[in-house]
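Asker: Pasting a structure below so you can have a look.
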Amino acid sequence: MKIIGLAGWSGAGKTTLLQRLIPQLAAQGLRVSTVKHAHHNFDVDVPGKDSWLHRKAGAFEVLVASSRRWALMHELRSDAEPPLDELLRKLSPADLVIVEGFKAGSHPKIEVYRQANGKPLLYPGDPAIVGIASDIELETRLPLASLDDAAAVAKLALAAARPIADVLAAAARGEK
């Protein structure tokens with residue numbers, strides 16, 4: 001299993017890019033999983049449905065299963081947000097894990113940069129940035145791909161991805 005991240009400011013187009021990357025990679029026969037960092041309160045189940053009622057009643061974990069999919073929800077209550085390395089250990093095997101968000105993480109990341117955001121680049125301030133997908137030409141020593149070229153970004157992602165075992169080992173040693 002390998003890992004690559006997509007990091008950037010809100011509104012840069014990370015989710016849109018990811019929606020275009022997954023089919024590109026899957027067409028190459030790769031099994032792709034994703035980890036998405038969300039902010040504060042978010043819901044994956046519908047208010048009023050049984051799983052929601054179980055969680056609201058105080059269940060620590062709620063597993064919902066059907067003939068098509070299953071999902072496990074884990075309520076943190078007052079526990080701290082788990083770090084990315086802990087979440088990665090919960091994933092089933094895949095060829096590539098793409099992490100959206102977790103921009104402070106030490107895993108390799110492609111910066112998603114959109115000029116209209118008016119925000120500065122994360123690179124070079126983040127040494128884990130290994131490439132940039134942008135809507136403008138940039139002067140950089142890093143590999144650069146157009147946000148509109150999902151095939152080029154997929155190629156960049158595959159070239160820059162690192163084995164998850166290496167990322168987890170570095171996290172266990174406390175390395176950034």
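Asker: Mind giving me the nanometre distance, one decimal, between the label points for Arg141 and Glu81, set 7 Å out from Cα along Cα→Cβ?
Answerer: Simple spin-label model gives 3.2 nm for this pair.
Asker: Which order do Glu111, Glu86 fall in if you start with the one that has the fewest other Cβ atoms within 10 Å?
Answerer: Glu86, Glu111
Asker: May I pose another question? Once you've got the GNM for the chain with C-alpha springs shorter than 10 Å, pick whichever of Lys49, Lys90, Lys14 has the biggest mean-square fluctuation.
Answerer: Lys49
Asker: Need the list of lysines near Lys2 for cross-linking: C-alpha distance under 18 angstrom, and skip anything on the same chain fewer than eight residues off.
Answerer: Partners within reach: Lys36, Lys90, Lys103, Lys109, Lys155, Lys176.
Asker: Place a +1 charge on the Cβ of each Lys and Arg in the chain and a -1 charge on the Cβ of each Asp and Glu, then give the dipole magnitude about the Cα centre in debye, rounded to the nearest 20.
Answerer: Rounded to the nearest 20 debye, it is 260 debye.
Asker: May I pose another question? Expressed in nm to one decimal, what extension gain is obtained for the pair Ser92 and Lys56 from 0.36 nm per residue of sequence separation less their Cα-Cα distance?
Answerer: Going from the current span to full extension adds 10.2 nm.
Asker: Sort 26-32, 101-107 by the packing proxy (mean of other Cβ within 10 Å over each peptide's residues), most packed first.
Answerer: 101-107, 26-32
Asker: Using +1 at the C-beta of Lys and Arg and -1 at the C-beta of Asp and Glu, which of Pro163, Pro124, Ala152 has the Cα lying farthest in the positive direction of the dipole of the chain?
Answerer: Farthest towards the positive pole: Pro163.
Asker: How many percent of DSSP beta bridges within segment 89-159 run antiparallel, rounded to 5?
Answerer: So the antiparallel bridges in segment 89-159 amount to around 0 percent.
Asker: Let me ask something else. Sorted from fewest to most neighbouring beta carbons within 10 Å, what does the list Ile132, Ile22 look like?
Answerer: Placing the least packed residue first, the sequence is Ile22, Ile132.
Asker: A further question follows. How much net charge surrounds Asp79 when only other residues with a Cβ under 14 Å from its Cβ are counted (Lys, Arg +1; Asp, Glu -1)?
Answerer: Once positives and negatives cancel, what remains is -3.
Asker: What is the distance in Å between the Cα centres of segment 146-176 and segment 78-128?
Answerer: Distance between centres, Cα-based: 9 Å.
Asker: Moving to a separate point now. At 222 nm, what helix-only mean residue ellipticity would the chain give, in deg cm²/dmol to the nearest 500, using -39500 (n - 2.57) for each DSSP H run of four or more?
Answerer: -7000 deg cm²/dmol
Asker: What are the ³J(HN,Hα) values, in whole Hz, obtained from phi via the Karplus relation 6.51 cos²θ - 1.76 cosθ + 1.60 with θ = phi - 60°, for each residue of segment 97-102 in sequence order, with x given for Gly and Pro?
Answerer: For segment 97-102, the Karplus curve yields 10, 10, 9, 9, x, 6 Hz.
Asker: Considering only Ser67, Ser51, Ser78, give the residue with the highest GNM mean-square fluctuation for the chain, with springs between Cα atoms whenever their separation is below 10 Å.
Answerer: Ranking Ser67, Ser51, Ser78 by mean-square fluctuation puts Ser67 first.
Laboratory data are not the source of any read-out in this text; all were calculated from the coordinates shown. Remember, predicted model here, so these are calculated numbers, not experimental data. Because the Cβ atoms are built from the backbone with ideal geometry, glycine has one as well, and the counts that use them run over all protein chains shown.
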